[in-house]
Amino acid sequence: MDKIEVVVVTGKSGAGKTQAMAIFENMEYSCIDNYPVALLQEFGELLRVTTHYKKIAMAVSLGDAIVAIRLLSNMDWVDVTVVFLDCEENVLLSRYKQTRRTHPLLISNICSSLDEAIHYENEMAEPISKMANV
């Protein structure tokens, strides 16, 4: 049986996951955004028994990335590639100000300012960036 290609796309909020997913969709990947990691085991089983999916791109938040990567990597029928998207702090600040979007860590009340949220994500990102292939 051929392995199913799963690309985990993760990175800092505002670094371009949405744009990367659009590119994967154009490359004929089945794309999943913000899939609950608690359901990944069941999803993996579906992949094992179906022939419908061969290439999947999955956008995952930094907070869920390590769990998602470990779960998927332990599935013998899945070939995992991790794409980590990074961005300079000043660019992230500019993007959030231009788009007037709210950073996810502000929405969830984990951080109280955009600067704090970006610094918090920098710390979260370091171990995940080392797991990345791209």
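The values are calculated or read from the model by the stated rules, or taken from the named source; none is laboratory data. For clarity, every value in this text was computed on a predicted model and none was experimentally measured. Neighbour counts are summed over all protein chains in view; Cβ atoms, including those assigned to glycine, are modelled from backbone coordinates with ideal geometry. Please note that ligands, DNA and RNA were not included when accessible areas were found on the heavy atoms of the full protein model with its side chains. Shrake-Rupley method; radii C 1.70, N 1.55, O 1.52, S 1.80 Å.
Over every pair of different alpha-carbon atoms in region 34-79, take the mean of 1/r and invert it; report that Kirkwood radius in Å. Numbers along the way, then the final one.
Details: mean 1/r = 0.0907 Å⁻¹.
Final number for the Kirkwood radius of region 34-79 is 11.0 Å.
What number comes out for accessible area per residue over the chain if the probe is 1.4 Å? Units Å², please. Please report the intermediate quantities before stating the final value.
Numbers: 7970 Å² over 134 residues.
Solvent-accessible surface per residue comes out at 59 Å².
Report the local net charge at residue 103: Lys and Arg +1, Asp and Glu -1, summed over other residues whose C-beta lies under 14 Å from its C-beta.
+2
For the pair residue 25/residue 119, report the inter-label distance in nm, with labels modelled 7 Å from Cα in the Cβ direction.
Placing both labels 7 Å along Cα→Cβ, they lie 3.6 nm apart.
What stretch of the chain, leaving out the sites themselves, is the longest with no GluC sites (Glu not before Pro) in a DSSP loop having at most 15 other Cβ atoms within 10 Å?
On the way: sites that count: 28, 88.
By the stated rule (loop sites, at most 15 other Cβ atoms within 10 Å), 29-87.
Computed from the coordinates I sent, Cα extents along the principal axes in Å equals one of (1) 35, 35, 24; (2) 46, 34, 27; (3) 48, 27, 24. Tell me the label.
Correct label is (3).
Using a 1.4 Å probe on the protein heavy atoms, what percent of the accessible area of the chain belongs to carbon and sulfur? All intermediate terms of the calculation are to be shown ahead of the outcome.
Numbers: 3910 of 7970 Å².
The C+S portion of the solvent-accessible surface of the chain is 49 percent.
Given +1 on the Cβ of Lys and Arg, -1 on the Cβ of Asp and Glu, and no further charges, what dipole in debye does the chain carry about its Cα centre, rounded to the nearest 20? Don't skip to the end; give the middle numbers.
Values: 12 positive and 18 negative charges, 53 e Å.
Approximately 260 debye in magnitude.
Which stretch or stretches of region 63-100 have amide N atoms under 20 Å from the point lying 7 Å from residue 49's Cα along the Cα→Cβ direction?
72, 74-79
How long are the semi-axes of the equivalent ellipsoid of region 73-134, taking √(5λ) for every eigenvalue λ of the Cα gyration tensor, in whole Å from largest down? Display every interim value, and only then the final one.
Details: eigenvalues 154, 35, 26 Å².
The equivalent ellipsoid of region 73-134 has semi-axes of 28, 13, 11 Å.
Putting +1 on Lys and Arg Cβ atoms and -1 on Asp and Glu Cβ atoms, find which of 131, 94, 15 reaches farthest to the positive end of the dipole of the chain.
Farthest towards the positive pole: 94.
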